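What follows is calculated from the coordinates using simple rules that are stated; it is not laboratory data. On a predicted model such as this, the values are computed, not experimentally measured, just so you know. As a convention, Cβ positions derive from the backbone with ideal geometry for all residues, glycine included, and neighbour counts pool all protein chains shown.
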């Protein structure tokens, strides 16, 4: 029974899309992800530069964490979409305008997913084409896009749970670069299930053989993380003070 | 003459006001829940890492040979005392999280314009900056000391039946001093980047980038002299024994001391010069 002039779901999603589009952080993060993906793709494709490691020089394209690092700049888009409104009490204004929280959360999530899906393609594609110039690998591209979407969802959920933008990005990045290496030797099974490690497995560049998952298992693990993160965010968003 | 006396009197007043200002900054630090959550996570991760490594350390002691060496890695033997003294700084693996704590401590002031009120309460900006750096340094020192104590407990558990005095020799305290120097100076680097950029996120990203450059050894081959100036590289040069270090331990001590003094000094100058926003 939609009354004339009532707020439709599409209006809510549209409003959320305007918020994401008008946030400078969105464009900054997207530009950073695009630039980093493109430069890394070019370097990996031409094999022009090699990186020194403890056991000799490595091809850039084989270093999973380095190749995946632009994804964390991309995740910032979703993180700002989820946690940006908690700054300066903006969310209270939003809630006054749209008091039905489940609907609002669904609209916010839909907008964030739509942006992550659409923005991932321009962010990833040039670098991917540069890296695999002769024959672009479709399954690799799909895996890379899935990683961007699922990591974005994890970041989005964490941002709502933490009510800010610093904690989710710090947790995701530090878990990948500080915590995981400290446990890789002693708890490889557990480490392989962390978001970053399963993302590396999904794009076919696991950090070590011991933390490698098969592609379906990695996709499932990331999907479980994303569902848990968004689910927790939904439960808290509906019940908690703004 | 009068000018000198006035300057000296002002310096004296500042020195007398410093303890109160440091106390105020410490209250700000300990009343932020995020600071305690972050500190608890760091200590918990250290305990977890050491719990996981404990069986390996017991095995290491079991591999003690007649020549006094133990097997630290498959096929690699080192003097047993060196190997166990190095375990006193096991928290090195988790220490890259300390700059996040420094960034959280510094970032609180920039979230809701709090810094304006702080400047109103302590109008002498040099005093405010010094008090902030000292309070942050003190808190970071205490967390680092707690990490060091955790490491000591786990080493003592392993060596109790072999050489119970090992964690309490002069050499052992020298190792702890090295770790504490690194922990405080890296933490203050996170603090300083946050004050300079007025953003906790920038402080976290900046120090993660510093850590990553060291961990991936991006610069170690290309520009070892630059690599040696990074805090985590300096910690490696100071405490890890390997063939591919980029500077001597003495150089590393100077680099870490430089970070601990220069980073807060630059932050202080920036804090004193800019609008209090």
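For Cα pairs less than 8 Å apart in space and 6+ apart in sequence, what is the mean separation divided by the residue count of chain B, i.e. the relative contact order in percent?
Numbers: 339 pairs, mean separation 61.2, N = 277.
Taking the mean separation of contacting Cα pairs over the length of chain B, I get 22 percent.
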Which residue fluctuates the most in chain B, going by a Gaussian network model with Cα springs under 10 Å, if the choices are B:256, B:219, B:88?
-> B:219
Rounded to a whole number, the mean other protein chain Cβ count within 10 angstrom for residues of A:179-190 is 4
Among B:234, B:252, B:17, residue whose mean-square fluctuation peaks in a GNM of chain B (springs only between Cα atoms under 10 Å) = B:17
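Can I get the semi-axes of chain B's equivalent ellipsoid? Compute them from the C-alpha gyration tensor as square roots of 5 times the eigenvalues, in angstrom, largest first.
For chain B, the semi-axes come out at 39, 19, 18 Å.
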Once both axes come from the Cα atoms, what is the angle between helix B:200-215 and the longest principal axis of chain B, in degrees from 0 to 90, rounded to 10?
-> 30 degrees
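Rounded to the nearest 500, what is chain A's calculated 222 nm mean residue ellipticity when only DSSP H runs of at least 4 contribute -39500 (n - 2.57) each, over all residues? Please report the intermediate quantities before stating the final value.
Details: 11 runs with 171 residues, N = 242.
Value at 222 nm, helices only: -23500 deg cm²/dmol.
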At what distance in angstrom do the alpha carbon centres of region A:67-116 and region B:156-196 lie from each other?
-> 41 Å
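Convex hull volume of the Cα atoms in chain A, per residue, in Å³? The partial results should precede the final answer.
Details: hull volume 34.0 nm³, N = 242.
Cα-based convex hull of chain A, divided per residue, equals 140 Å³.
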Using Cα atoms only, what is the angle between the long axis of helix B:170-197 and the major principal axis of chain B, expressed in degrees (0 to 90) to the nearest 10?
-> 40 degrees
Find the centroid of the Cα atoms in region B:211-226 and in region B:231-272, then give the distance between the two in whole Å.
-> 14 Å
Cα axis of helix B:33-62 to longest principal axis of chain B: angle in degrees, 0 to 90, nearest 10?
-> 20 degrees
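Over all directions, the average projected area of the alpha-carbon convex hull for the protein assembly as shown comes to how many nm²? Mind showing how you got there, number by number?
Numbers: hull surface 119.4 nm².
So the Cα hull casts an average projection of 29.8 nm².
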If each of residue A:95 and residue B:56 carries a label point 7 Å out from its Cα toward its Cβ, how far apart are those two points in nm?
-> 4.7 nm
Okay, helix-only estimate at 222 nm for chain B: each DSSP H run of n ≥ 4 adds -39500 (n - 2.57), divide by all residues, round to 500 deg cm²/dmol; what do you get?
-> -25000 deg cm²/dmol
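Relative to the compact globular guide of 2.2 N^0.38 Å, what is the alpha carbon radius of gyration of region B:155-277, as a ratio? Provide the component values of the computation, followed by the final result.
Values: Rg = 17.2 Å, N = 123, 2.2 N^0.38 = 13.7 Å.
Dividing the Cα radius of gyration by 2.2 N^0.38 Å gives 1.26.
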In the calculated pair distance distribution of region A:107-175, what percentage of Cα-Cα distances lie above 13 Å?
-> 68 percent
Beyond 19 Å, what share of the Cα-Cα pairs of region B:1-126 remains, rounded to the nearest whole percent?
-> 67 percent
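Express the C-alpha Rg of region A:176-242 as a ratio against the empirical globular expectation 2.2 N^0.38 Å, rounded to two decimals. Walk me through the intermediate numbers first.
Working: Rg = 14.2 Å, N = 67, 2.2 N^0.38 = 10.9 Å.
Normalised Cα radius of gyration, region A:176-242: 1.30.
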Taking just the C-alpha trace of region A:100-236, give me its Rg and Dmax in Å.
-> 15.8, 51
